[in-house]
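This report refers to the structure that appears directly beneath it.
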C-alpha cells in the first residue's frame, strides 16, 4: 500500500501517523532508535506490506497486467489502491479526507526530526496535498512519473497509467474486496501469525 492507506490503517495518534510514514523511509532493525509509538507504527507498516504482497486478491490483481509488466505491477497497484481509498474515503472513514490530511500535514510540520528523505518531501507533500490529490485519477500520471524517477529502470513504469485506466474496473473491484480484509488485519495489530493460521 502507499502513503494514504498506511496512514489510514496505522492509527490516529501522532506517533502512529509518523510511524506509518516512516515505514517507507526507515530500513533495518529499529532497536530503540525512535520513540516506542513510532517504532510500533513502523512495525505495523512492515506487517501490512507483507500481508498485502502475499494476499491472494493482490496476487490476482497483479496477474491482470501483461507478463512483461508484472515486475512493476505491485507499484502500480499500491498507487491505484490509494486512489480508490481517496475516491471512496467516506466508505472507510468517519473523518472527512480533507480534515484527515490536514491533521497529517500538521503532525509532519510539528515533528523536528523526520527521517532525512521524508524531511525533504514533507513540505511538498503538504503544499501540493499529495494525499488528497489521489482522489483524481488524472493525478496518477504525475505520481507514476515521480515514482519512476526513483527506480534504477524508470522505463519499467512507462505506459503504466494507460494500463491502470484499461484495468480500472477489475482493479477497483479487487480493492473493494481486499481493503476491508486489510483493515481487519490492521485492527488486530498486524499479527501475521493470525493471518497465517487462516484457512
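The values are calculated or read from the model by the stated rules, or taken from the named source; none is laboratory data. Keep in mind the model is a prediction, meaning the values are calculated, not measured. We place every Cβ from the backbone using ideal geometry, glycine too, and count neighbours over all the protein chains shown.
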Only listed residue being touching a residue at least 60 places away in the same chain (Cβ under 8 Å), surrounded by 12 or more Cβ atoms within 10 Å (Cβ to Cβ) and farther than 27 Å from residue 35 by Cα, chosen from 85, 131: 85
Which numbered condition residue 1 misses (of (1) in contact with a helix residue (DSSP H, G or I) (Cβ under 9 Å, 6 or more places away or on another chain); (2) closer than 24 Å to residue 154 by Cα; (3) in a helix (DSSP H, G or I)): (3)
Check 189, 156 and return the single one that is in contact (Cβ under 8 Å) with a residue 60 or more places away in the chain, more than 19 Å from residue 20 (Cβ to Cβ) and either surrounded by fewer than 18 Cβ atoms within 10 Å (Cβ to Cβ) or within 15 Å of the chain's Cα centre (by Cα) (or both). 156
Could you tell me whether residue 73 is buried (at least 16 other Cβ atoms within 10 Å of the Cβ), modelled with pLDDT under 95 and either assigned to a helix (DSSP H, G or I) or in contact with a strand residue (DSSP E or B) (Cβ under 8 Å, 6 or more places away or on another chain) (or both)? yes
Please determine, by comparing only the residues of segment 159-171 that are out of contact with any helix residue (DSSP H, G or I) (no Cβ under 6 Å at 6 or more places or on another chain) and surrounded by 14 or more Cβ atoms within 10 Å (Cβ to Cβ), which one is modelled with the lowest pLDDT. 163
Condition met for residue 106 (closer than 29 Å to residue 33 by Cα, surrounded by fewer than 19 Cβ atoms within 10 Å (Cβ to Cβ), in contact with a helix residue (DSSP H, G or I) (Cβ under 9 Å, 6 or more places away or on another chain) and at pLDDT 95 or above): yes
All but one of (1) buried (at least 20 other Cβ atoms within 10 Å of the Cβ); (2) in a helix (DSSP H, G or I); (3) over 14 Å from the mean Cα position of the chain (by Cα) hold for residue 65; state the number of the condition that does not hold. (2)
